[in-house]
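Reviewing the structure listed below.
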Amino acid sequence: MRIGWSGWSVDVDDGWTITDHPDCLTLERSVGAALQLSSARKTSGEVTDADLQDFVLEQEDEWGVAAPAQCGEFSGVVVHYSEEGSLWSRWFLRNGSTLLFATYNGTPEAAARESDLVNQVLATASPRSSD
């Protein structure tokens, strides 16, 4: 099934529970973990690598150094870190004027089981015209 918001969409299989919140779309595969997706649109011009770096540089002391990321038709950066017993991954991705944020957090056990499934979802990210 294809789901998303204005500016982006991803494919998910029936194994995910999907909740559409006002500020994000939450996908859950198991108890103890969640993949959350949200987005913003740049009002003038395209989102740049410098725009993405602004988000992660502010948090570098807590999150660590960002690595390049490619998720479907979106590119950007990802950070992986551990905090209070949970594993976190945060993607900051761009395509045109769309900035796509993806956050996965969960227990180490859930993350080990779901890492490939999360990557499969993100690999299908594509732009979608405004609805």
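Things to note:
- Verdict on residue 23 being loosely packed, with under 11 Cβ neighbours inside 10 Å, out of contact with any His (no Cβ under 6 Å at 6 or more places or on another chain) and in a helix (DSSP H, G or I): no
- Selection of the range 1-20 for residues being in a loop (DSSP other than H, G, I, E, B) and open to solvent by 50 Å² or more (accessible area, probe 1.4 Å) yields 1, 13, 14.
- When we screen 51, 61 for residues that are open to solvent by less than 60 Å² (accessible area, probe 1.4 Å), over 13 Å from the mean Cα position of the chain (by Cα), among the charged types (D, E, K, R) and over 20 Å from residue 3 (Cβ atoms), the only hit is 51.
- When the range 30-41 is filtered for residues that are surrounded by 12 or more Cβ atoms within 10 Å (Cβ to Cβ) and either out of contact with any helix residue (DSSP H, G or I) (no Cβ under 7 Å at 6 or more places or on another chain) or at pLDDT below 95 (or both), the ones remaining, listed by number, are 30, 32, 34, 36, 37, 38, 39, 40, 41.
- Of all the listed residues (102, 66), the sole one being open to solvent by less than 60 Å² (accessible area, probe 1.4 Å), over 25 Å from residue 15 (Cα atoms) and touching a Phe, Trp or Tyr at 6+ places or on another chain (Cβ under 8 Å) is 66.
- Qualifying residue in the range 88-99 (condition: of a type in the set (A, V, I, L, M), open to solvent by less than 30 Å² (accessible area, probe 1.4 Å) and in contact (Cβ under 8 Å) with a residue 12 or more places away in the chain): yes
- Selection count where residues are outside any strand (DSSP E or B) and over 27 Å from residue 112 (Cβ atoms), scope the range 26-51: 10
The values are calculated or read from the model by the stated rules, or taken from the named source; none is laboratory data. Owing to the predicted nature of the structure, the values given are computational and were not obtained by experimental measurement. For neighbour counting, all protein chains shown are included, and Cβ atoms are generated from backbone atoms with ideal geometry for every residue, glycine included. Note: accessible area is taken over every heavy atom of the protein model, side chains too, but ligands, DNA and RNA are not part of it. Shrake-Rupley method; radii C 1.70, N 1.55, O 1.52, S 1.80 Å.
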